[in-house]
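For reference, the structure discussed in these notes is given below.
Laboratory data are not the source of any read-out in this text; all were calculated from the coordinates shown. Every value quoted in this text rests on a predicted model; they were computed, and no experiment measured them. Don't worry about glycine lacking a Cβ; one is built from the backbone with ideal geometry, like all the others, and counts go over all protein chains shown.
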Amino acid sequence: MSRVFAGVRPTGKLHIGNYLGAIKNFVALQEQHECIYCIVDIHALTTLEETSKLQENIRDMVLDWLAAGLDPKKSTMFVQSHVPQVTELHTLLSMVTPLSWLLRVPTFKEKAKQQPRNVNYGLVGYPVLMTSDIVLYKADKIPVGEDQLPHLELAREIVRRFNSIFGPTFPEPQPELSEAPLVLGIDGQQKMSKSLNNHIEIAATPEETKKRVMMMVTDPQRIYRHQPGRPEVCNVYRMEHFFAPRDLERVHFECTHATLGCVQNKEFLGEQINSYFAPFRQRRQEMAARPEYIDEVLAEGARRASKIAEETLREVKEKMGLMPRRS
Ligand code: TRP
């Protein structure tokens with residue numbers, strides 16, 4: 001049977017891009033597979049500016065996950081550092097990972113450019129830690145975005161190398177690309193992302209949501225209300241594919257015939273987003289009032305994860321000669 005593992009950096013509250021691109025898929029996967037979802041707080045330390053809000057971000061993320069439909073009875077949810085075996089495995093795997101492989105990784109080169117004064121050792125080892133996350137649980141299905149493909153390729157290379165030196169131990173992890181198309185930010189130019197501040201949080205209030213939607217860029221060539229618009233270049237229209245699929249034809253017609261203005265269309269989209277997330281927001285609020293429940297979910301997740309982790313680490317240490325073999 002295949003096992004799903006996904007790691008998510010604790011960047012705080014989910015936005016529409018995270019939701020449509022990843023979490024929706026996580027929820028669907030738990031119906032068919034054994035799933036492990038991990039909040040990778042140690043990975044977050046590689047880019048230092050994120051760490052002061054780490055605890056708050058972790059809780060926000062779990063709340064969002066639960067409210068979005070991840071079910072602790074079906075999925076294991078835990079915080080990476082709560083199962084410290086991963087750091088031990090990271091050290092062990094680092095012994096079979098050529099440095100040249102790591103220096104070639106595109107995200108490393110990017111980060112090194114972004115934070116030239118903090119090109120730390122952990123940043124180089126980022127993909128080794130990610131590989132450790134995956135193989136500690138012998139996971140083989142990894143739901144990721146395209147940006148993570150080089151990391152997964154490297155994970156497979158490390159796995160192959162380990163298996164060929166020490167004997168078959170880990171399955172080769174395969175990426176599971178979700179079908180969710182790229183979600184652009186309110187600027188209509190770049191991928192929705194918190195760091196670009198072009199995002200809309202799914203837990204935002206209806207008023208905040210409307211405000212953000214009203215800031216969305218539509219067809220830049222449509223300046224006057226009586227001018228026909230071009231839905232195919234309009235990000236509001238694109239977003240309506242997710243939140244108002246039944247209205248697409250009408251919006252297209254009215255926009256291209258200049259009977260629907262951009263402001264009006266944005267008001268419509270705002271309402272649709274608000275009603276789409278209303279049940280989510282309700283559940284989130286209820287759970288936020290019970291902080292001890294979040295602790296319980298994370299403690300139970302860590303317990304389950306630790307069990308698998310201990311087993312794997314023991315096998316690895318035996319194979320690498322750090323422990324006498326049991327059989
Ligand atoms: N590197 C991933 C990201 O930035 C996060 C991550 C850490 C991860 N460990 C993982 C993803 C294991 C999948 C599997 O999004």
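Multiplying the residue separation of residue 161 and residue 1 by 0.36 nm and removing their Cα-Cα distance gives an extension gain of 55.3 nm. All C-alpha to C-alpha distances of the range 206-285, sorted into 10 Å bins beginning at zero, yield P(r) values of 19, 51, 23, 6, 1 percent in whole numbers. Extending 7 Å from Cα along the Cβ direction at residue 314 and again at residue 259 yields two label points whose distance is 7.2 nm.
Does the range 1-102 come out rounded, prolate or oblate by the C-alpha gyration tensor, with a ≥ b ≥ c the root eigenvalues, rounded set by a/c under 1.5 and, if not, prolate when a/b is larger than b/c and oblate if not? Can you show the working numbers first?
On the way: a/c = 1.94, a/b = 1.31, b/c = 1.48.
Oblate is the answer for the range 1-102, as a/c is 1.5 or above yet b/c matches or exceeds a/b.
Put the Cα centre of the range 298-325 next to the Cα centre of the range 158-223 and the gap is 32 Å. Which residue, 258, 237, 214, has the largest displacement toward the positive end of the dipole of the range 206-285 when charges sit on each Cβ (Lys, Arg +1; Asp, Glu -1)? Towards the positive end, the residue furthest out is 214.
With the simple model of a label 7 Å out from the Cα in the direction of the Cβ, residue 246 to residue 226 spans 3.5 nm. Overall form of the range 255-317: oblate. Here a/c, set by the Cα gyration tensor axes a ≥ b ≥ c, is 1.5 or more, and a/b is not larger than b/c.
Subtracting the Cα-Cα distance from 0.36 nm times the residue separation, let me have the gained length for residue 49 to residue 112 in nm, one decimal. Show your work: numbers first, answer last.
Values: separation 63, 0.36 × 63 = 22.68 nm, distance 1.44 nm.
Residue separation times 0.36 nm, minus the Cα-Cα distance, leaves 21.2 nm.
Exactly which chymotrypsin sites (Phe, Trp or Tyr not before Pro) in the range 115-210 are in a DSSP loop and have at most 16 other Cβ atoms within 10 Å?
Details: sites: 121, 137, 162, 166; in loops: 137.
Loop-located and lightly packed - none at all.
Taken about its Cα centre, the range 195-310 carries a charge dipole of roughly 180 debye when the Cβ of each Lys and Arg holds +1 and the Cβ of each Asp and Glu holds -1.
Of the DSSP H helices in the chain, those with a Cα length along their own long axis of 20 Å or more and a mean Kyte-Doolittle hydropathy reaching -0.5 comprise 54-68, 121-136, 149-166. Each Lys and Arg Cβ is given +1 and each Asp and Glu Cβ -1; about its Cα centre, the chain then shows a dipole of about 520 debye.
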